[in-house]
Amino acid sequence: MLPATEFTPLPSALGGALIGLSAVLLMALNGRIAGISGILGQVLARRDPGGERLLFLAGLVLGPLVVALLTGGIPQHLPTSDLLLAAAGLLVGFGSALGQGCTSGHGVCGLARLSPRSLVATLVFMAVAALTVFLMRHVGG
């Protein structure tokens with residue numbers, strides 16, 4: 001059985017608030033939705049003339065590294081192999097392309113804009129996540 005993850009309500013709430021704040025600021029200051037898959041797609045297609053999207057992505061990567069430097073380590077460890085993580089990442093990327101958006105675009109920004117399409121996408125994300133946890137912990141774990 002996989003070990004339970006640590007219950008961290010305060011850091012989790014702070015992280016959620018920072019994600020929401022960054023999404024609001026990106027919309028308010030640049031008029032753009034903070035959908036990570038869309039931002040990454042624009043950077044990969046070389047349609048980022050000012051480099052703003054690249055800086056946004058760099059912040060996503062550098063943020064955890066700064067936390068690790070300041071606190072002496074990464075606060076959570078994933079109990080799985082690098083190969084499984086890579087496969088999961090590819091599946092998430094495929095799902096994001098298939099669903100025309102990711103959890104940040106639909107779940108954070110789309111729900112805030114009361115988008116029915118984002119509501120359906122988020123319900124699907126959550127249902128699949130719950131099913132995956134059940135299968136990993138009770139069937140294949």
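The values are calculated or read from the model by the stated rules, or taken from the named source; none is laboratory data. Please read all numbers here as calculations on a predicted model, not as lab measurements. Cβ: placed from backbone, ideal geometry, glycine included. Neighbour counts: every protein chain shown. Heads up: the accessible areas ignore ligands, DNA and RNA and are worked out on the full protein's heavy atoms, side chains in. Shrake-Rupley method; radii C 1.70, N 1.55, O 1.52, S 1.80 Å.
Is it the case that region 34-41 has a residue that's in a loop (DSSP other than H, G, I, E, B) and in contact with a Leu (Cβ under 6 Å, 6 or more places away or on another chain)? First the steps, then the outcome.
Within region 34-41, the first condition is being in a loop (DSSP other than H, G, I, E, B), and the residues that meet it are 34-35.
Then keep just the ones that are in contact with a Leu (Cβ under 6 Å, 6 or more places away or on another chain); that gives 34.
Yes: region 34-41 contains one or more residues that are in a loop (DSSP other than H, G, I, E, B) and in contact with a Leu (Cβ under 6 Å, 6 or more places away or on another chain).
Residue-by-condition table, conditions (1) closer than 23 Å to Gly16 by Cα; (2) surrounded by 13 or more Cβ atoms within 10 Å (Cβ to Cβ); (3) out of contact with any Ser or Thr (no Cβ under 8 Å at 6 or more places or on another chain):
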residue	(1), (2), (3)
Gly35	yes, yes, no
Ala45	no, no, yes
Leu54	yes, yes, yes
Leu70	yes, no, yes
Gly73	yes, no, yes
Ser81	no, no, yes
Cys102	yes, yes, no
Pro116	yes, no, yes
Ala121	yes, yes, yes
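If we keep just the residues of region 114-127 that are in contact with a helix residue (DSSP H, G or I) (Cβ under 8 Å, 6 or more places away or on another chain) and closer than 18 Å to Leu91 by Cα, which is modelled with the lowest pLDDT? Give the derivation first.
First, the residues of region 114-127 that are in contact with a helix residue (DSSP H, G or I) (Cβ under 8 Å, 6 or more places away or on another chain): 115, 117-119, 121-122, 125.
Right, trim to closer than 18 Å to Leu91 by Cα and you get 121-122, 125.
Working: Ala121: 89, Thr122: 89, Phe125: 86.
The extreme case among them is Phe125.
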Inset, instruction - Would you mind telling me which numbered condition in (1) of a type outside the set (Gly, Ala, Ser); (2) part of a loop (DSSP other than H, G, I, E, B); (3) touching a residue at least 40 places away in the same chain (Cβ under 8 Å) Pro49 fails? - result: (3)
Legend entry - In region 123-141, the residues that are exposed (fewer than 13 other Cβ atoms within 10 Å of the Cβ) and aliphatic (A, V, I, L, M): Leu123, Met126, Ala127, Val128, Ala129, Ala130, Leu131, Val133, Leu135, Val139
Legend entry - Index of the failed condition, Gly93 passing every other in (1) open to solvent by less than 80 Å² (accessible area, probe 1.4 Å); (2) at pLDDT 80 or above; (3) farther than 26 Å from Pro11 by Cβ: (2)
Inset, instruction - Evaluate region 16-36: report whether one residue or more is of a type in the set (Lys, Arg) and modelled with pLDDT of 85 or more. - result: no
